[in-house]
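Structure, as structure tokens:
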Amino acid sequence: MIHFDNISKRYPGGHDALSQVSIRLEKGQMAFLTGHSGAGKSTLLKLIAMIERPTRGQIFLDGVNLNNISNRKIPYIRRNIGIIFQNHHLLYDRPVFDNVAMPLIIQGYRRQEIHKRVRAALNQVGLLSKEKSDPITLSGGEQQRVGIARAIVHKPLLLLADEPTGNLDPELSREIMDLFARFNQVGTTVLIASHNLDLIKQMGSPMISLQDGRVSHNGLPFSVGSSQEL
Amino acid sequence: MRYSPQKSSLLRSYFGHHLRVSLGSLGRLYKQPIATMMTAAVIAIALALPVGLYIGLANIGQVSSGWDGSTQISLFLHTRVKKGDAQKLVKRLEKHRDIKKVELIDKEQGLQQFKEISGFGDALKYLDNNPLPIVLVVHPRILASQPDRTTKLVKDLGKNKMVELAQLDVQWVKRLYTFIEIANRSIWVISSMLAIAVLLIIGNTIRLDIQSRREEIEVSKLIGASDAFIRRPFLYTGFWYGAIGGILAWIITLLSLMMMENPIHKLALLYHSDFQLSGLGAGNTLLLITISCTLGLIGSWIAVSRHLKEIEPS
């Protein structure tokens with residue numbers, strides 16, 4: 001699903017965020033990305049979501065070489081990905097329902113279909129009763145779950161989460177992780193950046209560790225050194 | 001993996017989407033009525049000014065349009081010339097190939113007109129006899145655009161023994177036309193400048209709108225919104241500003257015309273004219289609204305293409 005082939009990313013100013021990173025995450029897998037802040041976790045996710053482009057190397061997403069994707073085509077790549085942020089990025093000028101419906105509206109779904117899917121997504125994160133609420137009135141954990149509902153409402157192939165439990169207490173964090181595990185069980189590929197090692201160990205999914213922009217540990221099966229395309 | 005738009009599903013909801021976005025933009029404007037009306041009013045005033053000038057000029061053109069064809073030559077006859085001789089002269093002149101028609105204004109008619117127009121009617125009572133000469137008003141076949149032939153005709157007519165003075169009233173008509181031409185050009189200059197002002201007003205308003213919706217734009221880009229999708233509501237906002245501004249400009253023009261109609265009618269009466277102030281007309285109203293909507297679209301397009309690029313998710 002995700003294949004990093006010898007990826008380096010140098011930001012303007014000379015800071016090397018990633019150096020010669022090669023990883024391979026198969027379709028339907030769930031994995032954690034860990035490391036100290038500044039180790040390159042966010043950069044790696046940004047490269048997948050095409051928020052940044054690599055300085056060197058190739059990234060394949062479901063067999064598509066992202067280097068060949070023009071800026072104009074980026075939106076269509078992103079429609080295959082659900083992205084979850086630490087600070088949820090919800091829009092506070094509209095109710096929960098409208099927030100979750102955004103990916104569907106962008107992709108031109110019809111009204112009945114939007115209603116059906118948004119309610120299904122809210123049901124999956126346990127917030128169906130809050131569809132008319134303003135996001136600002138929800139707790140931190142609930143807001144994060146709205147963010148997750150928005151990320152999965154269009155049934156993406158890949159879920160990316162950047163520190164999704166960063167602001168939550170252990171119990172809520174566990175709930176959120178269980179939610180990701182459930183999406184993974186139905187076939188979605190999941191990659192979660194987190195520095196919460198205790199929680200990661202509890203989940204039992206493979207772990208990739210980054211240190212100073214390099215892979216220091218790769219728990220994924222059959223990965224390093226492989227340059228074979230998916 | 002899909003990385004191009006799904007044509008069929010997009011097409012199906014394309015018009016519905018446009019309708020929703022368009023109404024959504026209008027709804028946003030409606031939610032901030034004061035801000036919206038202030039911006040629309042500035043646009044309206046900037047549009048109403050050239051429209052008002054245009055109407056004024058169109059009316060002047062209408063008043064003067066009858067004059068070009070009827071350049072007149074006034075022949076003031078010697079006071080000793082009798083009416084009968086004058087009538088014979090009229091008959092003779094009307095056979096001239098360059099003359100279309102000759103009107104005879106005898107002494108009594110002249111006096112009557114003088115009383116009506118000059119307002120010195122009472123003073124005339126103190127005169128023993130009518131001092132006015134018989135006047136022949138000659139309407140030549142030649143147009144004001146052929147000044148040489150006209151001048152020659154005037155010269156010939158002046159040589160007649162009965163004529164004391166032959167006077168051509170063409171010079172001032174030409175001057176008037178030149179002035180109208182200059183005014184026409186200045187309206188174009190003023191209109192262009194004000195159109196640019198409207199573009200800037202709408203562009204700046206949209207720029208502020210984009211800034212205030214920065215978060216929404218960022219999130220939309222992250223979840224795969226195309227540039228066209230993000231651009232659309234702002235373009236519609238610009239369009240609506242143009243439309244509201246255009247309609248307001250039309251109302252301002254209408255009210256101004258209504259306010260001026262009465263005094264102008266009075267003035268026309270003083271000149272014995274049944275002149276009616278003409279307004280914008282349906283065609284020109286449509287043109288005004290079309291132009292203002294287009295300006296709105298262009299203004300927002302400029303702002304959107306400049307400022308949307310600056311907002312990228314990070």
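Give me B:MET260, A:MET207 sorted ascending by neighbouring Cβ count inside 10 Å, so fewest comes first.
On the way: B:MET260 14, A:MET207 20.
Exposure proxy ranking, most exposed first: B:MET260, A:MET207.
Remind me, relative contact order of chain B in percent, using alpha carbon pairs under 8 angstrom and six or more residues apart?
Details: 349 pairs, mean separation 85.5, N = 314.
27 percent.
Obtain the nm distance between the two label points defined at B:GLU218 and A:ASP16 by a simple spin-label model: each point lies 7 Å from its Cα along the Cα-to-C-beta direction.
3.0 nm
Angle check, please: helix A:140-152 long axis (alpha carbons) against the longest principal axis of chain A (alpha carbons), in degrees 0 to 90, nearest 10.
Value to nearest ten degrees: 70.
Please give the contour-minus-distance gain from B:ALA183 to B:LYS91: 0.36 nm per residue of separation, less the Cα-Cα distance, rounded to one decimal in nm. Don't skip to the end; give the middle numbers.
Details: separation 92, 0.36 × 92 = 33.12 nm, distance 4.24 nm.
Extending this stretch completely gives an extra 28.9 nm.
Based only on other Cβ atoms within 10 Å, what is the fewest-to-most ordering of A:HIS88, B:HIS78? Write out the running numbers ahead of the final one.
Details: A:HIS88 22, B:HIS78 12.
Ordered from fewest to most neighbouring Cβ atoms within 10 Å, A:HIS88, B:HIS78 come out as B:HIS78, A:HIS88.
In nm, to one decimal, how far is the A:ARG56 label point from the B:LYS155 one, both placed 7 Å along Cα→Cβ?
Modelled inter-label distance: 9.6 nm.
Normalising by the residue count of chain A, find the relative contact order in percent from Cα pairs under 8 Å and 6+ residues apart.
31 percent
Once you list every other residue whose beta carbon is under 12 Å from the beta carbon of A:VAL146, what net charge do they have if Lys and Arg are +1 and Asp and Glu are -1?
So the environment of A:VAL146 carries a net charge of 0.
I'd like the orientation of helix B:107-118 relative to chain B: the angle between its Cα long axis and the longest Cα principal axis, in ° from 0 to 90, rounded to 10.
40 degrees
Mind checking which lysines have their Cα closer than 18 Å to the Cα of A:LYS73? Skip sequence neighbours fewer than 8 apart in that chain.
Within the straight-line limit of under 18 Å, A:LYS73 reaches these lysines: A:LYS46, B:LYS7, B:LYS221, B:LYS309.
For A:ASN167 paired with B:ARG175, estimate the spin-label separation in nm (one decimal), with each label point 7 Å from Cα along the Cα-to-Cβ line.
About 7.8 nm separates the two model spin labels.
Which value in deg cm²/dmol, rounded to the nearest 500, describes the helix-derived mean residue ellipticity at 222 nm for chain A, given -39,500 (n - 2.57) per DSSP H run of n ≥ 4 and division by the residue count? Numbers along the way, then the final one.
Values: 7 runs with 74 residues, N = 230.
Result for chain A: -9500 deg cm²/dmol, rounded to the nearest 500.
Can you grab the distance from the C-alpha centre of region A:72-141 to the C-alpha centre of region A:1-23, Å, no decimals?
That distance is 31 Å.
Mind checking the full-extension length gain between B:LEU269 and B:ALA228? Use 0.36 nm per residue of separation minus the Cα-Cα distance, one decimal, nm.
Values: separation 41, 0.36 × 41 = 14.76 nm, distance 5.90 nm.
In short, 8.9 nm is gained.
May I ask you to sort B:GLU164, B:GLU216, B:GLU181 by Cβ crowding, counting other Cβ atoms within 10 Å and putting the fewest first? Intermediate results must be reported in sequence, preceding the final value.
Values: B:GLU164 15, B:GLU216 19, B:GLU181 10.
If I rank by nearby Cβ atoms, fewest first, I get B:GLU181, B:GLU164, B:GLU216.
What are the residues whose amide H is under 5 Å from the amide H of A:ARG110, where those residues sit 5 or more places off or on another chain and H is modelled from the backbone?
So A:ARG110 has HN proximity to no qualifying residue.
Averaging over every viewing direction, what projected area does the convex hull of the Cα atoms of the protein assembly as shown cover, in nm²?
Working: hull surface 154.0 nm².
Averaging across all directions leaves 38.5 nm² for the Cα convex hull.
If you take the Cα atoms of region A:90-155, find Rg, then find the Kirkwood Rh from the mean of 1/r over all pairs, what is Rg/Rh? Present the calculation step by step, with values, prior to reporting the outcome.
Numbers: Rg = 10.5 Å, Rh = 11.4 Å.
Ratio of gyration radius to Kirkwood radius: 0.93.
Just list whichever of A:LYS41/A:LYS116; B:LYS82/B:LYS159; B:LYS101/B:LYS161; A:LYS9/A:LYS116 have alpha carbons separated by over 30 Å in the model shown.
Values: A:LYS41/A:LYS116 35 Å; B:LYS82/B:LYS159 18 Å; B:LYS101/B:LYS161 20 Å; A:LYS9/A:LYS116 41 Å.
As for pairs spanning more than 30 Å Cα to Cα, those are A:LYS41/A:LYS116; A:LYS9/A:LYS116.
Amide H to amide H under 5 Å from B:ILE99: which residues, 5+ apart in sequence or cross-chain, H placed 1.01 Å off N in plane?
HN-HN under 5 Å from B:ILE99: B:ARG141.
Rounded, prolate or oblate: which fits region A:57-215, taking a ≥ b ≥ c as square roots of the Cα gyration tensor eigenvalues, rounded meaning a/c under 1.5, else prolate when a/b beats b/c? Walk me through the intermediate numbers first.
Numbers: a/c = 1.85, a/b = 1.12, b/c = 1.65.
Cα axes put region A:57-215 in the oblate bin.
Calculate how many DSSP beta bridges within region A:117-230 are antiparallel, expressed in % of all such bridges and rounded to the nearest 5. Before the final figure, lay out the partial values.
Numbers: 4 of 9 bridges.
So the antiparallel bridges in region A:117-230 amount to around 45 percent.
May I ask for the angle, rounded to the nearest 10°, between helix A:96-106 and the longest principal axis of chain A, with both axes built from Cα atoms and the value confined to 0 to 90°?
60 degrees
Here, each number is a calculation from the coordinates, and none is a lab measurement. Only a predicted model underlies this, so the values are computations on that prediction, with no experimental measurement involved. All Cβ positions, glycine included, derive from the backbone under ideal geometry; neighbour counts span all protein chains shown.
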